[in-house]
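A quick write-up on the structure given underneath.
The values are calculated or read from the model by the stated rules, or taken from the named source; none is laboratory data. Bear in mind the structure is a predicted one, so any value in this text is a computation, not a measurement. Note that we place each Cβ from the backbone using ideal geometry, even for glycine, and neighbour counts take in every protein chain shown.
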Amino acid sequence: MTYRIEPAAERFSDLEDLFGTSGAFSGCWCMWNRQTNAEFQEQNYEPNRESLRANLAEGHEFGILAFDGETPVGWAALAPRGEYSRLSRSPVTKPVDDTEVWSVTCFVVRKGNRGQGVARALLAGAEQRARELGAAVLEGYPVAPDGDLVDTEAWHGLESMFVDAGFTEVARRKPRRPMYRKTL
């Protein structure tokens, strides 16, 4: 199946449709990697929703959406790594060097569309969008399943989709959490 990929800016109603009232998961609204734990606890649900809405309305680059016809079926968070403060604080995702990279940090796929290539289409779309915005390197932080994987773990993306898309492993600080890069 082919999915249409669009920048999320000015498409908040589509994002709301995809994320539902929970903001994809636990009121996140894709703000987790942009906040400290304390900020996330204070701002989850409605404050996070409003923050994402305001940023998209102002044209900030927060991510891309995948559509099946007119229905939003997937989301990938995409921005320069520096916009994700949590990445530098995490022992798993801290930078391996000083390379300026864009990061794809989160994948959300509508429940009825999982297992149909939406996340892979989003990763390809993230590459294209990052390239259009001047990025030279794209970095991701997938999960490497070692058995059964629950849906709430898959939001990082799966290692296999990064490998299949030509990304190269640059770090693995925990057995199930590699870091991958691709020169664009």
Inset, instruction - Kindly indicate which of Glu10, Glu100 is under 22 Å from Gly134 (Cβ atoms), in contact (Cβ under 8 Å) with a residue 40 or more places away in the chain, touching a Gly at 6+ places or on another chain (Cβ under 9 Å) and surrounded by fewer than 17 Cβ atoms within 10 Å (Cβ to Cβ). - result: Glu10
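The rows are residues; the columns are (1) in contact (Cβ under 8 Å) with a residue 60 or more places away in the chain; (2) under 16 Å from the mean Cα position of the chain (by Cα); (3) closer than 26 Å to Ala171 by Cα; (4) not in a loop (DSSP other than H, G, I, E, B).
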site	(1), (2), (3), (4)
Leu52	no, yes, no, yes
Leu65	yes, yes, no, yes
Val73	yes, yes, no, yes
Ala77	no, yes, yes, yes
Gly82	no, yes, yes, yes
Arg120	no, yes, yes, yes
Glu127	no, yes, yes, yes
Inset, instruction - For Arg4, indicate whether it is surrounded by fewer than 21 Cβ atoms within 10 Å (Cβ to Cβ), touching a residue at least 24 places away in the same chain (Cβ under 8 Å), touching a Pro at 6+ places or on another chain (Cβ under 8 Å) and of a type outside the set (Gly, Ala, Ser). - result: no
Legend entry - The listed residue being in contact with a strand residue (DSSP E or B) (Cβ under 9 Å, 6 or more places away or on another chain) and either more than 28 Å from Ser13 (Cβ to Cβ) or modelled with pLDDT of 95 or more (or both), out of Phe62, Phe107: Phe107
Inset, instruction - Check whether at least one residue in segment 174-184 is in contact (Cβ under 8 Å) with a residue 12 or more places away in the chain, surrounded by 15 or more Cβ atoms within 10 Å (Cβ to Cβ), over 19 Å from Glu6 (Cα atoms) and touching a Pro at 6+ places or on another chain (Cβ under 6 Å), and report yes or no. - result: no
Legend entry - Unmet requirement for Gly23, which otherwise passes all of (1) in a loop (DSSP other than H, G, I, E, B); (2) free of Cβ contacts under 8 Å to residues at least 24 places away in the same chain: (2)
